[in-house]
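Asks: Got a structure here, written out as structure tokens. Questions coming.
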Amino acid sequence: MSSRRAFLKAGGIALFGVGFGGVPSFMARAADSKKILSPYKKKKIMVCIFQRGAMDGLMAVTPFTDTYLQAARPTLFMSAAKKGTGTSLIDLDGRFGLHPSMAAFEPLFREKRLAIVHGIGSPNTTRSHFDAQDYMESGMPFNKGAASGWLNRAVGLLGHDATPFRAVSLTSSMPRSFYGDNAAIAINDLKDFAIQMKGNPMSANVAAKSFEDLYDQASSSLLKETGKESFDAIKMLQKTDVKNYVPANGVRYPGTALGNALKQIAQLIKMDVGLEVAFAESGGWDTHFNQGTDTGIFARNVTDLSQCITAFWSDISAYQDDVTLMTMTEFGRTVKQNGTGGTDHGRASCNFILGNDVNGGLVHGNIQQLSVENLADGRDLAVTTDFRSVFSEVADKHLRINNDAALFPDWKGDKIGVMNKV
């Protein structure tokens, strides 16, 4: 009996991210109102994608009229001018050009659903991937010991009853963004429902069938103590044919890690299980060597990013009014290319925000001419937009949080107008 009790408690921590106080109140309230067994009222959903490795924002969205950038990148610079059979940038506004491998983004930009913020980054000048990612995910760029992530704090500020699927990361382990006291889960693959929670190594990778077996075998008294309703959410997914999911509108996702993650986020959205904040990641952006132009490592990465996102957007066509998607990356790359055809760790980059409530069709932010005197440390695109000003605006306007002091405790900046007024 004691070992079964311990497993129940450990499993509950693994799934719901709660402590040793039994079933969390949000689960009890949801169970009492039968929400676990019926569709939830639609809520706004924010999807975040972390591009790990530091994307070269100057290649993704190039200020192609800048002669200093052209001189700094003799083999990497791309033009928006149509010339022969060569591939040119997609001219967005006469100054900025979208990388040709991101052509899937152009219609969304023209429709004013996609916004770009350039010169975005962290005020912390570290060039360490790990530190910069931690600072961005915690939302506290000068607090190395921050205990919580900004998305976890956002979840805690939503101010209404939640389901176990309010905050979901489609990753093999819990991202730093979701660390904290509020319930969140990491699901590597819905087909396996393997869940791993921070700080619970004994409960890592608990398969759904283990819960199902436990549910069937446990005594009624134990179920009463632990909360029978807490298993209903798990059973909901088990009864869904996630393996044979067919995306809407004939969509075919790229067969990549990001494509698989976004496809599963789309499934969760359509299942109405109460998802409000979702997280996915894309790797391989550390382009020190042979970065390439219209072909190569960078081109492959941006092709995957843009095609995965546009596939997702088309797949959730019936839910687009409720969803905003935002990308982020820890820092940018140097203005000048290095001797191996790549770029090194820099400062500012750019990011993409997609949604029907986005002030789209614009390249937001303020970047100066890339002459040496305007560069950070004489080598990098300077950070002119603190990432917190964008993240807070998206969360405030889309999720209706409006508590910047709690979301980003060390920040008192201004918004830049990347979201439409409501």
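Since every read-out is calculated from the coordinates, none of them should be taken as a lab result. Computed from a predicted model, the values in this text were never measured in an experiment. A quick note on method: Cβ atoms are made from the backbone with ideal geometry, for glycine too, and the neighbour counts reach across all protein chains shown.
Asks: If you average the sequence gap of Cα pairs under 8 Å that are 6 or more apart and divide by the length of region 259-393, what percent do you get for the contact order?
Replies: Working: 153 pairs, mean separation 28.2, N = 135.
Relative contact order for region 259-393 comes out at 21 percent.
Asks: Okay, moving on. If a/c stays under 1.5 just call it rounded; otherwise compare a/b with b/c (prolate if a/b is bigger, oblate if not). Do that for region 284-380, with a ≥ b ≥ c from the square roots of the Cα gyration tensor eigenvalues. Before the final figure, lay out each step's value.
Replies: Numbers: a/c = 3.19, a/b = 1.61, b/c = 1.98.
It comes out oblate by the Cα gyration axes.
Asks: Which loop chymotrypsin sites (Phe, Trp or Tyr not before Pro) in region 252-360, with loop taken from DSSP, have no more than 14 other Cβ atoms within 10 angstrom of their Cβ?
Replies: F289
Asks: Oh, and also: Is the C-alpha gyration tensor of region 246-288 telling us rounded, prolate or oblate? Criteria: a/c under 1.5 is rounded; beyond that, a/b larger than b/c is prolate, otherwise oblate.
Replies: Numbers: a/c = 4.20, a/b = 1.55, b/c = 2.71.
Verdict is oblate for region 246-288.
Asks: Starting at 0 and stepping by 5 Å, how many percent of the alpha carbon pairs of region 95-160 end up in each bin?
Replies: Binned Cα distances yield the sequence 3, 14, 17, 13, 11, 17, 16, 8, 1.
Asks: Under the Karplus relation 6.51 cos²θ - 1.76 cosθ + 1.60, θ = phi - 60°, what is the ordered set of whole-Hz ³J(HN,Hα) values for region 312-324, x standing for Gly and Pro?
Replies: Computed from phi, the couplings for region 312-324 are 4, 5, 5, 4, 9, 3, 6, 10, 4, 5, 9, 10, 10 Hz.
Asks: I would also like to ask the following. I need the shape label for region 338-422. Rule: rounded when a/c is under 1.5, else prolate if a/b > b/c, else oblate, with a, b, c from the alpha carbon gyration tensor. Mind showing how you got there, number by number?
Replies: Values: a/c = 2.47, a/b = 1.88, b/c = 1.31.
The shape class here is prolate.
Asks: Once amide H atoms are built 1.01 Å from N in the peptide plane, which residues 5 or more positions from T256, or in another chain, come under 5 Å H to H?
Replies: Under 5 Å from the amide H of T256 lies no amide H from a residue far enough along the sequence or on another chain.
Asks: How much FRET efficiency would the formula 1/(1 + (r/R0)^6) give for T295 and V246, where r is the Cβ-Cβ distance and R0 is 51 Å, rounded to 0.05?
Replies: Once the sixth-power term is evaluated, E becomes 0.95.
Asks: Here's a follow-up. Which value in nm describes the separation of the simple spin-label points at K421 and R110, placed 7 Å from the Cα toward the beta carbon?
Replies: Label-label distance for K421 and R110, simple model: 3.0 nm.
Asks: Something else about it: Just add up the charged neighbours of W150: K/R +1, D/E -1, any other residue whose Cβ is under 9 Å from the Cβ of W150. Present the calculation step by step, with values, prior to reporting the outcome.
Replies: Values: positive: R153, R388; negative: E137.
Cβ neighbours under 9 Å give a net charge of +1.
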